[in-house]
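*Asks:* The structure's right below; bear with me while I get my questions together.
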Amino acid sequence: MIRKVVWLDRIREDVLNHRTRSVSHWQFYSKLQNEIIDNVGFLIAELSEALNINISKLGRSYQSLDIVSKACEDLARN
């Protein structure tokens, strides 16, 4: 119950601050903020290392997202 209230508060704050698009949401919450778009290569490399995924399998595709999702699920199980 508390988790849902916190989640709803965060959504309200995002809407009030015009963070309704995924890009604006990621720009706000990322440590890179407005520089996130300029650092996609760095972020892909960091993700590859953190999840132990060959960097050649990662890119800007839905297939890459599937690979990352599976690696996160595997990591959560261990």
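Yes/no matrix, rows are residues, columns are (1) among the β-branched types (Val, Ile, Thr); (2) assigned to a loop (DSSP other than H, G, I, E, B); (3) surrounded by 10 or more Cβ atoms within 10 Å (Cβ to Cβ); (4) in contact with a helix residue (DSSP H, G or I) (Cβ under 9 Å, 6 or more places away or on another chain):
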{"site": "Glu13", "(1), (2), (3), (4)": "no, no, yes, no"}
{"site": "Asn34", "(1), (2), (3), (4)": "no, no, no, yes"}
{"site": "Phe42", "(1), (2), (3), (4)": "no, no, yes, no"}
{"site": "Ala45", "(1), (2), (3), (4)": "no, no, yes, yes"}
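*Asks:* Here is a check on your reading of the model: is Ser24 part of a helix (DSSP H, G or I) and either assigned by TED's automatic domain parsing to the domain that holds Leu75 or surrounded by fewer than 10 Cβ atoms within 10 Å (Cβ to Cβ) (or both)?
*Replies:* No, not satisfied.
*Asks:* Quickly run through segment 58-67 and pick out the residues that are surrounded by 12 or more Cβ atoms within 10 Å (Cβ to Cβ) and either at pLDDT below 95 or outside any helix (DSSP H, G or I) (or both).
*Replies:* Selection gives Leu58, Gly59, Ser64, Leu65.
*Asks:* In addition: Note down all Cβ pairs under 8 Å where the first residue falls in segment 65-77 and is assigned by TED's automatic domain parsing to the domain that holds Ile55, the second is part of a helix (DSSP H, G or I), and they're at least six residues apart or on different chains.
*Replies:* Close Cβ pairs satisfying both conditions: Ile67/Lys57; Val68/Leu47; Val68/Leu51; Ala71/Leu51; Cys72/Leu51; Leu75/Leu51.
The values are calculated or read from the model by the stated rules, or taken from the named source; none is laboratory data. Note that this is a predicted model, so its numbers are computed, not measured. Note: ideal-geometry Cβ built from the backbone for every residue, glycine included; neighbour counts use all protein chains shown.
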